Amino acid sequence: IMPLGTGNDLSRQYNWGKRFQKHMTQKSMVSAVVNADLVGLDRWRLLILPTSTLREDEKEFIPQIFSEKDSTPYDPNSERRSSLATLSKVAAMLGDEDADSKKGNKLVTQSSRPSTEYFDGLFCNYFSLGFDATVLLEFHKERTKHPEKFTSPLKNKLVYVEKSPIGVRAPKLRKRVQIFVNNKDGELVRLKIPRDTRDIILLNIQSYAGGNHLATKGSSDDGLIEVIFVSNLIRMVASAVVGPVVPYALFSVRAQTNRVVIKTKCPLHCQVDGEPWLQGEAMIQVSFHTRNAILKKSSDGMNCGC
């Protein structure tokens, strides 16, 4: 993996470096590839069904869509239990409009246009909903308007820091989101969202937003994705800075699962693998898809300077 972007999280995860350097075009890089280890990388399916634009008769098909068999390696009986449990639970979520009071998002202005599009795609790194996606979207808007400011990874990060204060005003998610995860029996169970949560992150790899290690555990090839709740931007920064040397500063993993279903009750900012957008009311599902082979730079191989 050649680290040509700003964060380069996948490159960091597999030891290929955090930024591009000239020596990576030399023969030592080829030697490092030849001597690399073949490892696994889980891929996750992200399915988004906008509920605000669907007719009532169309919403009836959402439980069936979410309960479709995926590539998760369950035995047949477990798959059937999981499918039936998903069907009934999602149906209940669709009808649960009064369980919590609906609240809006003060960061969404009249000029904002939440996405109401259907999406079905794959990702490898992470998915999140909350303030980090809000900051990232402002970063992308600035890069579109003023590309001359973004001429190096360092300048990119400085602009990101400049946009970060908007994340402090992000709304709490407890009454704006419902989240369910598969338990060990393949049944969807509801996760309680802490009162001060302003960000929900689903992690597949252990490098987030430019190399930050946030969670207390996790693996990129175990068929499970880690769910963590983040209270605010300052807490996230503290975890990123102190976590590598003080493990208790890392975020506790609230669930390790092969399926996550999220219901949003108002427009909220989301991002997947560093690509942000404003999502309207929707049903969102993340489920295990496949495991691909990928090369990890071997510490015993020739040093390419990565």
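Check SER164 against each of (1) modelled with pLDDT of 85 or more; (2) part of a helix (DSSP H, G or I); (3) open to solvent by less than 80 Å² (accessible area, probe 1.4 Å); (4) out of contact with any Gly (no Cβ under 8 Å at 6 or more places or on another chain) and name the one condition it does not meet.
(1)
State which residue is farthest from LEU188 (Cα to Cα) when the search covers only the range 205-227 and only residues that are touching a helix residue (DSSP H, G or I) at 6+ places or on another chain (Cβ under 9 Å) and open to solvent by 30 Å² or more (accessible area, probe 1.4 Å).
Looking at the filtered set, the residue picked out is GLY211.
Being assigned to a strand (DSSP E or B) and either of a type in the set (D, E, K, R) or without any contact (Cβ under 8 Å) to a residue 40 or more places away in the chain (or both) is the filter here; which residues of the range 170-227 pass it? Steps first, answer last, please.
Within the range 170-227, the subset assigned to a strand (DSSP E or B) is 177-182, 188-190, 199-203, 208, 212, 215, 225-227.
VAL189, ARG190, ASP199, ASN212, ALA215, GLU226 - these are the residues of the range 170-227 that are assigned to a strand (DSSP E or B) and either of a type in the set (D, E, K, R) or without any contact (Cβ under 8 Å) to a residue 40 or more places away in the chain (or both).
Determine, yes or no, whether ARG291 is surrounded by fewer than 20 Cβ atoms within 10 Å (Cβ to Cβ), in contact with a strand residue (DSSP E or B) (Cβ under 8 Å, 6 or more places away or on another chain) and closer than 16 Å to ILE205 by Cβ.
So ARG291 fits the description; yes.
Considering only residues of the range 228-269 that are assigned to a loop (DSSP other than H, G, I, E, B) and open to solvent by 70 Å² or more (accessible area, probe 1.4 Å), which is nearest to PRO63 (Cα to Cα)?
Filtering first and then ranking leaves ARG254.
Test each condition in (1) within 24 Å of LYS172 (Cα to Cα); (2) over 16 Å from the mean Cα position of the chain (by Cα); (3) crowded, with 16+ Cβ neighbours inside 10 Å for LYS297 and report the one that comes out false.
(1)
The values are calculated or read from the model by the stated rules, or taken from the named source; none is laboratory data. Please read all numbers here as calculations on a predicted model, not as lab measurements. No Cβ is skipped: glycine too gets one built from the backbone with ideal geometry, and neighbour counts run over all protein chains shown. We work out accessible area using only protein heavy atoms, side chains counted, and drop any ligands, DNA or RNA first. Shrake-Rupley method; radii C 1.70, N 1.55, O 1.52, S 1.80 Å.
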